Amino acid sequence: MWSIRMRASKSILAEGSGNGEVEEVHISGAEGLWNEEEILKLLEQYLIRALNHSRGKPDKIFFTLEKINEAIIKVPPLPVRTLICNSPEEAKELITNKLLSLGISQRAIEAGLGILLSSTIMRGAALIKSNTGTLSVPDHHRGVRVSRLGIDNETRYRIEKEMSELNVDKRRVIEALTLASKVAHHKDIVAEVCISDDPDYITGYLASKDLGYLRIPNIKRLGEMHGGRVFFINEDSNLKELIYYLEKTPVQIFG
Ligand code: AMP
């Protein structure tokens, strides 16, 4: 199989910079594991997505294609449930209570929510230690980008069919569920919380091996630009091994 990654960004004048300093802002990204005969179709889909994103027009689009030669680990999808939530305030309370129930400290929860609600968008995820709340990523701007992940076609069709009664954006849910299932499978991951950085997509999620994939409607208000992903990790995680798993180990969601 092939790992295909897309990353789109645009350069803007850095805030407060009087000397023309330019910074790159993230517009969109996508990744998946695909068969060789699917590559062309996927490049087109990812390109259309990059050029038509609600965060704006990119001025740089990068594609990375890598042939996967290692064995691909099969991981089952997390079960999906939608919670009742009517506002970002309710979402905050709900997320806090669920994370506390998983043994994550108030301090770590506040650190995580601070990142998710910040106007500075990371390209990847923040790793936060579940007790001390320490941010544990090598690069604070980039975060850790989960890559080399995909979903088996039969599994995708089954989940799409199960969701067909619900009023959901199937592509988004499948992609996020694929990522969340890979992430939750690692022994050092306690939970994940995600808010899309798209101003027109306001359903987020909380995921963990024990709780499954919990969709949270109205996690933010329409038009808001903030978003991000936070992975709460065990305090004594082997960071090098965990980051290698997230970025490099090929995983296919199956079952
Ligand atoms: P999205 O759901 O695509 O709007 O992404 C929401 C946020 O999740 C982004 O702002 C990034 O911070 C983060 N993110 C997106 N894709 C990944 C990925 N592959 N790995 C880690 N974090 C990601």
- Message: If the requirement is being loosely packed, with under 12 Cβ neighbours inside 10 Å and among the β-branched types (Val, Ile, Thr), which of these qualifies: Ile39, Ile68, Ile73, Ile84?
- Response: Ile84
- Query: Restricting the first residue to region 142-169 and requiring it to be at negative phi and without any contact (Cβ under 8 Å) to a residue 40 or more places away in the chain, which pairs with a second residue that is more than 10 Å from the ligand (Cβ to nearest atom) and open to solvent by less than 50 Å² (accessible area, probe 1.4 Å) meet a Cβ separation below 7 Å and a spacing of at least six or different chains?
  - Reply: Arg156/Ile174; Glu160/Ile174
- Note on the structure: Those residues of region 180-202 which are under 13 Å from Val80 (Cβ atoms) and either without any contact (Cβ under 8 Å) to a residue 60 or more places away in the chain or within 9 Å of the chain's Cα centre (by Cα) (or both) amount to Ala180
- Residue list for region 93-137, restricted to those being open to solvent by 40 Å² or more (accessible area, probe 1.4 Å), within 21 Å of Leu211 (Cα to Cα) and among the polar types (S, T, N, Q): Asn97, Ser101, Gln106, Asn131
- Message: Looking at Val25 and the list (1) out of contact with any Leu (no Cβ under 9 Å at 6 or more places or on another chain); (2) surrounded by fewer than 14 Cβ atoms within 10 Å (Cβ to Cβ), which single condition is not satisfied?
- Response: (2)
- Exactly one of Leu13, Leu47 is closer than 22 Å to Met225 by Cβ, free of Cβ contacts under 8 Å to residues at least 60 places away in the same chain, in contact with a strand residue (DSSP E or B) (Cβ under 8 Å, 6 or more places away or on another chain) and open to solvent by 50 Å² or more (accessible area, probe 1.4 Å), and that one is Leu13
- Task: Residue by residue through region 182-218, note down the ones that are within 16 Å of Phe231 (Cβ to Cβ), in a strand (DSSP E or B), of a type outside the set (Phe, Trp, Tyr) and within 13 Å of the ligand (Cβ to nearest atom).
- Result: Ile189, Glu192, Val193, Cys194, Ile195, Gly204, Ala207
- Message: Being open to solvent by 10 Å² or more (accessible area, probe 1.4 Å) and closer than 17 Å to Ser101 by Cα is the requirement here; does Leu211 meet it?
- Response: yes
- Message: Here's a check for you: in region 141-151, which residue that is at pLDDT 95 or above and more than 11 Å from the chain's Cα centre (by Cα) is farthest from the ligand (Cβ to nearest atom)?
- Response: Ile151
- Message: Regarding region 165-172, can at least one residue be identified that is near the ligand (Cβ under 9 Å from one of its atoms) and at pLDDT below 95?
- Response: yes
- Message: Condition first: open to solvent by less than 30 Å² (accessible area, probe 1.4 Å) and either at pLDDT below 95 or part of a loop (DSSP other than H, G, I, E, B) (or both). Now tell me which residues in region 229-255 satisfy that.
- Response: Ser237, Thr249, Pro250
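The values are calculated or read from the model by the stated rules, or taken from the named source; none is laboratory data. The model shown is predicted, which means the values in this text are computed figures rather than measured ones. All Cβ positions, even for glycine, are placed from backbone atoms using ideal geometry, and neighbour counts span all protein chains on display. The accessibility values were calculated without ligands, DNA or RNA, using every heavy atom of the protein model including side chains. Shrake-Rupley method; radii C 1.70, N 1.55, O 1.52, S 1.80 Å.
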